[in-house]
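Following: one structure in structure tokens, then a few remarks.
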Amino acid sequence: VSLVAACGLLLQPTARRPSPLRRFLSPVLEAPAPLASLLDLADEYDAFLLDQFGVIHDGKTAYEGAVDAVCELQRRGKKIVIISNSSRRKSDTLARLRSMGFGPCEGDGASDVPPISVVTSGDLVWEGLSAAAAAPFADLGLRCTVFGNGEDDEEYVRTCGRVAVPVAEADFVLARGLFTILGTGPDLLRQPFSPYSADAEEEALRAALAARPGGLPLVVANPDTVRPDGKDSPMPGLLAARYEAMGATDIRPVGKPH
């Protein structure tokens, strides 16, 4: 409900509005029948909430027909909100979407279409750490060890008012990716491990677990366990699962479905 409200949308109780999907149900099995197109639902809703990875693109290329479908919904005045477990901020997501052809639409009537909105788990974490006013961020310290994507981690941490440090000096652990362990100071810990190194991960997690009873808090900026890239590449949610299996008790995932 809070996510829908943050998108500026109205959630109407189903008791007051019969589901339009019932007209797509099989009369025999009462199960959803396949839709020929997403546009079959266009007249039933004012807004569409779409995931990105594995839904409209594969991380590099838009899926066939996805750009045209999203643009047509925009032309019909529908609000498009991309909801993603990306650990990046929404500006990066918008830039990625535009590079694949998603918005702004081109052609007749394109000037008046509603722009695409984006909500990412990475943005929610950044905003939460910046404000430090509410759970699960209010009781965290300023120093963190970062499992990162190896690209924008330093800027992300610095601009939300935190400092990257080795595990021995950290107040909490932030999981954004599985490409780098980032720290600062005389014993700089910056180990690229692409795409995955169980040894480097295990050493850092065991140090975090030993730092206090139940382990250092782990903030997970992307709760997904694998990437839909055809290879099931590991994601920060898998790191959280491993940490919990070691005995950690303070794990704070941010994003779908939490």
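Every number here is computed from the coordinates shown, using simple stated rules; none is lab data. Note that the structure is a prediction, hence the values are computed from the model and not measured. Positions of Cβ are backbone-derived with ideal geometry, glycine not excepted, and every protein chain shown enters the neighbour counts.
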Ala135 and Asp199 label points (each 7 Å along its Cα→Cβ direction) are spaced in nm at 4.0 nm
Convert each backbone phi in the stretch 247-258 into a coupling constant with the Karplus relation 6.51 cos²θ - 1.76 cosθ + 1.60 (shift: θ = phi - 60°), then list the ³J(HN,Hα) values in order as whole Hz, x for Gly and Pro.
x, 5, 10, 10, 10, 10, x, 10, x, 5, x, 7
With θ set to phi - 60°, apply the Karplus curve 6.51 cos²θ - 1.76 cosθ + 1.60 along the stretch 123-128 and write out the HN-Hα couplings as whole Hz, x wherever there is a Gly or Pro.
5, 4, 5, 4, 5, x
Starting with the fewest neighbours, write out His57, His258 ranked by other beta-carbon atoms found within 10 Å of each beta-carbon.
His258, His57
In whole Hz, the Karplus estimates of ³J(HN,Hα) for the stretch 141-147 (6.51, -1.76, 1.60; θ = phi - 60°; x where Gly or Pro) are x, 8, 9, 9, 9, 10, 8
Kindly provide the pair-distance distribution of the stretch 139-253 built from C-alpha pairs, with 5 Å bins from 0 and whole-percent values in order of increasing distance.
2, 13, 25, 27, 20, 9, 3, 1
Long-range amide H contacts for Ser233: which residues qualify at under 5 Å (H placed 1.01 Å from N, peptide plane, sequence gap of 5 or more or a different chain)?
Arg227
Residues whose built amide H sits under 5 Å from the amide H of Val118, excluding neighbours closer than 5 in sequence, are Ile82
Return the long-range amide H neighbours of Asp58 (sequence gap of 5 or more, or a different chain), with a cut-off of under 5 Å between placed amide H atoms.
Tyr63
Within straight-line cross-link reach of Lys231, lysines at Cα separation under 28 Å, skipping those fewer than 8 residues along the same chain
Lys60, Lys90, Lys256
If we count other beta carbons within 10 Å of each Cβ, what is the order of Cys105, Cys144, fewest first?
Cys105, Cys144
